[in-house]
Amino acid sequence: MSYLAFTFILLMISFKTPFMRCQNVSCNSTDLRALISFSNFIELGLDWSSSEPNCCTWTGVTCDNSTISSRRAVRLELGAKKLVGKLSESLADLDQLRILNLSHNLLQGYLPGKLFGLQKLEILDLSNNYFVGPIPGGSDLPLIRYVDISKNGFNGTLYATIFETSPHIQVLNLANNYFTGEVSASFVSCYYLQHLFLDGNDLTGNFPESLLQLRDLHTLNIQDNLFSGSLNEGISNLSNLVELDVSFNRFSGILPDVFESLGKLEHFSARSNMFYGHLPKSLVNSPSIITLDLSSNALSGIININCSAMLHLSSLSLGANQFFGPVPESISSCQRLSNLNLGRNNLSGEVPYAFKDLQALSSLSLSNASLVNISSALAILQHCKNLTSLFLGDNFHDEQMPRNMNLHFRNLKTLVIPHCGLRGQFPIWLGSSKMLQLLDISLNQMTGTIPSGFHEFKFLFYMDLSHNSFTGEIPVSLTELEGLIRKNVSEERPSLGFPLFKARNMYKQISSFRPTLDLSYNKLSGLIWPSFGNLKELHVLNLKDNHLSGNIPDSLSGMTNLEVLDLSQNELSGEIPLSLEELCFLSNFNVSNNQLHGEVPEKGQFPTFPCTSFIGNPGLTCGLVAYSPPAQTPPPPPPVVFPSDKMTIMGWPFVFGVPTGFVITVGFCFVNGWIFPRPEKRKVRVTRIGR
């Protein structure tokens with residue numbers, strides 16, 4: 001028994017020795033030097049220990065399983081590590097590297113040319129950094145399959161040899177940079193390319209002919225460039241396309257009727273171009289299309305979507321075109337439709353009764369479509385149980401807003417009905433819409449008081465009731481909106497597949513709306529409640545042009561995220577509270593044309609506000625300047641009292657001091673842009689934020 005045990009132990013030792021030796025093999029010395037040199041160029045974010053000679057144990061480094069002399073680094077993955085610094089040419093010495101991922105960091109500078117000579121590299125991801133300059137020439141990446149250098153500051157033309165020497169590339173993402181010129185003909189060498197992203201650059205020319213040869217393309221995104229001309233009929237060659245986006249360019253002409261050849265196309269967007277003519281028959285009968293966005297063009301005719309054929313259609317955006325006729329009742333047969341935008345066309349009539357069958361409908365925009373009968377429209381649309389966003393602005397002109405109808409929009413999050421001239425009072429039926437987050441019924445003719453009970457709307461973060469004729473006091477319940485008190489309540493904002501048409505000829509994406517209470521241009525009276533200070537998440541408070549009175553509460557300083565505070569053209573009295581100096585994000589402040597007095601605060605953001613923010617308050621002063629009418633001209637200097645023998649206190653220093661002080665004061669206003677605001681600097685596109 002003991003002999004067998006001894007033999008077994010010997011056998012175990014003999015097998016274990018090479019195994020342990022394999023585990024102790026360090027990384028290749030060349031790789032070690034290359035990685036140390038790389039780390040020397042990284043200023044922050046890298047936690048490698050120089051005392052550990054085996055680089056295979058370092059964060060983000062993966063080595064192969066070599067057992068002979070040393071292990072080779074095959075993967076360097078340091079994505080989203082907040083790295084700060086530049087890239088060292090030493091990375092090119094990692095000649096066995098297959099994956100290099102440095103995405104989502106703060107790296108900058110030019111790319112080393114030698115980096116594009118790694119013969120074994122298969123995946124290169126440098127996206128979301130601050131790299132600049134052209135793609136290095138002389139590239140030789142024979143095995144590369146995936147390249148993502150999007151969201152950087154790269155520029156120059158797309159003539160780099162990477163397209164000629166990388167036949168196996170399948171994914172190429174060059175989006176959101178500054179590339180210019182026409183698309184290189186060398187793209188035809190990328191035989192196996194499946195996903196190509198060129199969006200968000202400054203590329204020019206016609207639709208790139210070289211791309212029409214890439215028969216394996218699944219995704220082609222060239223939106224947000226400067227392409228022009230017609231949409232090449234050769235796109236029919238791309239029979240494997242699943243997604244095609246040519247939006248935000250300068251394409252024109254008629255949409256080619258070739259979509260029967262694109263049997264796999266699911267997502268097509270040609271938004272914001274100059275296409276005209278009718279909808280192609282092959283497009284409105286496409287059985288594969290899921291999302292279709294042709295908004296903001298000059299397309300015309302009737303909307304003849306064939307829902308019997310388009311069985312998978314879930315999002316349809318045809319807004320801002322020249323379509324005419326009634327709102328097509330046939331669309332109600334698109335049972336999977338969740339987003340529908342037909343606004344800003346030459347439509348007419350009423351909302352079709354059959355729209356009540358759109359049970360999957362989540363977002364609907366019919367703004368500026370010359371619709372009539374708001375009572376009927378709301379009565380029909382309440383049956384769309386999944387409706388969360390409803391845009392009906394600039395319709396139903398001079399009609400009566402239904403007030404006490406038995407309407408129920410229980411899932412509604414966004415309701416926008418501005419610029420209709422609607423008469424009547426605040427709609428009581430909105431009380432059942434407890435999920436409401438955004439409400440805009442501005443630019444109407446509504447009267448009566450604003451009801452209380454807003455504290456029940458736990459998610460409301462944006463409300464615009466401006467340009468109406470509401471009277472009475474501001475409801476205290478508006479200062480109890482949980483969506484403006486606690487951030488976590490209002491984090492999930494509604495989103496759309498199309499832009500919101502706001503009544504003042506502006507487009508805004510719903511997610512970009514700042515938390516706002518706008519009650520301006522009404523006939524409200526009473527006090528500004530001190531409890532407004534509870535609204536710590538409010539960004540815009542506009543109470544302009546009402547009949548509000550009393551003091552400006554000190555507690556408004558509690559609105560710590562406030563950017564805009566407009567209390568102008570009211571009947572407010574007292575002083576401007578010094579506590580408002582604590583509002584460090586305040587960029588727009590206006591208390592003009594009230595009855596305020598005292599000194600204008602001098603700290604915080606107040607030195608940045610123009611004189612026009614305080615005019616029309618006879619008792620309000622800032623240094624030597626009194627903000628009293630006439631507001632357009634600075635007040636004259638005080639009269640100079642010439643000295644006499646009996647008034648030595650008024651000596652020559654006073655004679656010269658007063659006008660000199662006035663000149664300095666007025667000059668200070670000019671320098672700080674109080675009288676004529678400074679011209680804004682040219683805005684520079686920042687690729688990291690998106691476009």
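The values are calculated or read from the model by the stated rules, or taken from the named source; none is laboratory data. Since we're looking at a predicted model, the values are computed, not measured. All Cβ positions, even for glycine, are placed from backbone atoms using ideal geometry, and neighbour counts span all protein chains on display.
Structural remarks
- Conditions (1) of a type in the set (A, V, I, L, M, F, W, C); (2) crowded, with 16+ Cβ neighbours inside 10 Å; (3) not in a loop (DSSP other than H, G, I, E, B); number of the one not met by Leu361: (3)
- Count of residues meeting criterion [touching a Leu at 6+ places or on another chain (Cβ under 8 Å), assigned to a loop (DSSP other than H, G, I, E, B) and closer than 16 Å to Gly393 by Cα] in the range 307-348: 5
- In the range 295-335, residue surrounded by the most Cβ atoms within 10 Å (Cβ to Cβ) [restricted to those that are under 19 Å from Ile254 (Cβ atoms) and in contact with a Gly (Cβ under 6 Å, 6 or more places away or on another chain)]: Ser295
- Within the range 161-169, at least one residue is touching a Phe, Trp or Tyr at 6+ places or on another chain (Cβ under 6 Å), among the aromatic types (Phe, Trp, Tyr) and surrounded by 20 or more Cβ atoms within 10 Å (Cβ to Cβ).
- A single member of Leu436, Leu407 is aliphatic (A, V, I, L, M), crowded, with 22+ Cβ neighbours inside 10 Å and not assigned by TED's automatic domain parsing to the domain that holds Leu538, and it is Leu436.
- Meets criteria (more than 29 Å from the chain's Cα centre (by Cα), farther than 30 Å from Phe154 by Cα and either surrounded by fewer than 18 Cβ atoms within 10 Å (Cβ to Cβ) or touching a residue at least 24 places away in the same chain (Cβ under 8 Å) (or both)) for Asp216: no
- When the range 114-136 is filtered for residues that are within 20 Å of His168 (Cβ to Cβ) and more than 27 Å from the chain's Cα centre (by Cα), the ones remaining, listed by number, are Leu115, Phe116, Gly117, Leu118, Gln119, Lys120, Leu121, Glu122, Ile123, Leu124, Ile135, Pro136.
- Checking the range 2-24 against the condition returns no match, with no residue being over 21 Å from Gln119 (Cα atoms) and modelled with pLDDT of 90 or more.
- Residues located in the range 508-542, provided they are farther than 16 Å from Phe470 by Cβ, at pLDDT 95 or above and among the polar types (S, T, N, Q): Thr516, Ser531, Asn534
- Residue count for the range 249-264, restricted to those that are within 25 Å of Glu182 (Cβ to Cβ) and part of a loop (DSSP other than H, G, I, E, B): 5
- Among the residues of the range 543-575, those that are in a strand (DSSP E or B) and over 19 Å from Thr608 (Cα atoms) comprise His547, Leu548, Ser549, Gly550, Glu571, Leu572, Ser573, Gly574.
- Every residue from the range 26-69 that is buried (at least 17 other Cβ atoms within 10 Å of the Cβ) and in a strand (DSSP E or B): Cys27, Ile42, Val61, Cys63
- Qualifying positions in the range 403-427 - charged (D, E, K, R), without any contact (Cβ under 8 Å) to a residue 40 or more places away in the chain and under 19 Å from Thr388 (Cα atoms): Arg410
- Scanning the range 271-286 turns up at least one residue that is without any contact (Cβ under 8 Å) to a residue 40 or more places away in the chain and on the phi > 0 side of the Ramachandran plot.
- From Leu211, Leu226, residue being of a type outside the set (Ser, Thr, Tyr) and buried (at least 19 other Cβ atoms within 10 Å of the Cβ): Leu211
- Selected residue (only one of Phe268, Phe324 is within 21 Å of Val246 (Cβ to Cβ) and either of a type in the set (A, V, I, L, M, F, W, C) or touching a residue at least 24 places away in the same chain (Cβ under 8 Å) (or both)): Phe268
- Condition met for Asn206 (surrounded by fewer than 18 Cβ atoms within 10 Å (Cβ to Cβ) and out of contact with any strand residue (DSSP E or B) (no Cβ under 9 Å at 6 or more places or on another chain)): no
- Selection within the range 407-452 - among the β-branched types (Val, Ile, Thr) and modelled with pLDDT of 95 or more: Thr414, Val416, Ile417, Ile441, Thr447, Thr449, Ile450
- Restricting attention to the range 459-474, the residues that are of a type outside the set (D, E, K, R) and not in a loop (DSSP other than H, G, I, E, B) add up to 4.
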